[in-house]
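Structure, as structure tokens:
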């Protein structure tokens with residue numbers, strides 16, 4: 001195919017194409033998942049729980065089950081099945097939003113559960129087109145940016161569209177938003193489909209990424225189970241904090257500033273995206289996997305420190321609400337995206353694992369979104385009188401403390417494991433070398 005040959009000949013064209021394709025595909029996925037969060041559903045309750053909370057819990061429950069399913073589906077996904085799978089996932093999600101609009105309150109919450117079931121696997125399919133390449137960090141920039149900016153931009157879009165079309169109810173707006181972005185999604189999926197397979201140089205630098213077998217999974221967990229568990233817990237608390245901030249950003253802003261403008265949702269996330277883009281994208285220039293792996297862990301810890309420090313400064317009125325939301329978002333997204341798209345990528349390459357990033361990411365995300373659902377229920381039943389902002393502040397401190405401890409323990413294990421492997425090579429008889 002001429003287009004694929006052109007992409008192989010030019011690194012600049014290849015990187016630009018892959019970044020746009022991955023950004024667009026995942027950004028459009030958020031149009032099927034997040035816009036309903038911009039609705040307030042005033043005065044609606046079910047079982048003495050606010051209906052918006054019911055809707056979020058329902059979707060998160062489906063999304064969480066999707067992540068557990070993804071541990072198997074994504075890690076074993078054949079390259080020939082990727083396009084068919086990702087289009088099917090989105091169509092199921094949009095049909096669920098159609099029934100969310102058709103079925104009356106309070107019975108329509110079940111369709112947000114169904115909506116979440118397929119969407120949790122979209123990230124893994126998109127990332128499978130990008131991993132295992134010498135430019136993976138750079139290629140993943142589009143995917144990382146979409147994670148940061150999509151929710152804020154789409155919520156702003158939702159609010160502005162709803163102002164223009166006030167006759168569309170809050171229950172029909174999610175379907176309308178999905179329908180609006182479906183043609184664009186299909187275009188970006190086609191762009192992903194023509195990305196060439198990794199070259200031999202890519203394989204030499206980052207190892208070949210193939211569908212995993214049960215034996216591969218067992219071997220990896222036996223050798224690296226402890227540090228992987230540490231990373232899983234870190235990732236889980238990042239998902240919980242990021243998701244809580246994202247789901248209730250409207251309520252948090254209402255508490256921080258009664259006169260806030262919807263544009264701040266896009267402004268804070270765009271600033272965050274630019275910083276995350278520069279930091280993570282620059283890692284593509286680090287060819288040495290050991291240095292790259294260590295740098296990713298430094299960045300991961302730095303993001304958690306930013307979150308804890310920003311909350312400390314805000315509580316003492318040293319920064320205002322805008323800078324707190326900006327910095328806490330920056331810290332969470334920096335840590336979240338580096339762990340989601342780079343740490344496991346470098347870990348596989350450094351230790352030459354027979355694995356793919358999807359396996360580790362989906363273990364992390366399944367636990368993370370389960371924790372997100374638990375936090376929502378805990379807030380609703382045991383912290384009902386506490387403000388949304390206060391819950392986020394307390395969780396930020398918890399995230400910082402746990403993250404610091406687990407990252408330290410996990411990295412000690414990795415360093416000992418690497419030193420042990422190096423010593424084994426040194427101790428080999430001359431005839432065996």
- [ ] State whether one or more residues within region 316-324 are over 21 Å from residue 272 (Cβ atoms), surrounded by fewer than 24 Cβ atoms within 10 Å (Cβ to Cβ) and at pLDDT 80 or above.
- [x] yes
TODO: Assess whether residue 335 counts as being in a helix (DSSP H, G or I) and surrounded by fewer than 20 Cβ atoms within 10 Å (Cβ to Cβ).
DONE: no
Task: Enumeration of residues in region 311-327 that are over 22 Å from the mean Cα position of the chain (by Cα) and under 19 Å from residue 152 (Cβ atoms) - done: 320, 321, 322, 323
- [ ] Could you figure out which of (1) assigned to a helix (DSSP H, G or I); (2) farther than 17 Å from residue 398 by Cβ; (3) modelled with pLDDT of 85 or more; (4) more than 15 Å from the chain's Cα centre (by Cα) isn't true of residue 330?
- [x] (4)
Open item on the list: Yes or no: region 8-25 includes at least one residue that is in a helix (DSSP H, G or I) and over 24 Å from residue 143 (Cα atoms).
Closed with: no
- [ ] Tell me, please, whether a residue that is out of contact with any strand residue (DSSP E or B) (no Cβ under 6 Å at 6 or more places or on another chain), surrounded by fewer than 23 Cβ atoms within 10 Å (Cβ to Cβ) and in a helix (DSSP H, G or I) can be found in region 129-137.
- [x] no
TODO: For region 249-256, indicate whether the set of residues that are at pLDDT 85 or above and farther than 21 Å from residue 56 by Cα is non-empty.
DONE: no
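Every residue, every condition in (1) at pLDDT 85 or above; (2) surrounded by fewer than 18 Cβ atoms within 10 Å (Cβ to Cβ), yes or no:
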residue	(1), (2)
395	no, no
399	yes, no
403	yes, no
415	no, yes
Open item on the list: Tally up the residues in region 157-178 that are in contact with a helix residue (DSSP H, G or I) (Cβ under 7 Å, 6 or more places away or on another chain) and surrounded by fewer than 20 Cβ atoms within 10 Å (Cβ to Cβ), please.
Closed with: 4
Open item on the list: Among the residues that make up region 282-298, is at least one of them more than 18 Å from residue 136 (Cα to Cα) and either surrounded by fewer than 17 Cβ atoms within 10 Å (Cβ to Cβ) or modelled with pLDDT of 85 or more (or both)?
Closed with: yes
Task: Residue list for region 71-123, restricted to those being in contact (Cβ under 8 Å) with a residue 40 or more places away in the chain, out of contact with any strand residue (DSSP E or B) (no Cβ under 9 Å at 6 or more places or on another chain) and in a loop (DSSP other than H, G, I, E, B) - done: 74, 75, 76, 77, 78, 108, 120, 121
Open item on the list: Of everything in region 183-230, what is surrounded by fewer than 19 Cβ atoms within 10 Å (Cβ to Cβ), outside any helix (DSSP H, G or I) and touching a helix residue (DSSP H, G or I) at 6+ places or on another chain (Cβ under 7 Å)? Give them in sequence order.
Closed with: 194, 196
Open item on the list: If I filter region 63-70 for residues that are without any contact (Cβ under 8 Å) to a residue 12 or more places away in the chain and either surrounded by fewer than 20 Cβ atoms within 10 Å (Cβ to Cβ) or part of a helix (DSSP H, G or I) (or both), do I get at least one hit?
Closed with: no
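The values are calculated or read from the model by the stated rules, or taken from the named source; none is laboratory data. Because the structure is predicted, anything quoted here is derived from the model rather than measured. Using ideal geometry, Cβ is built from the backbone for each residue, glycine included, and neighbour counts are taken over all protein chains shown.
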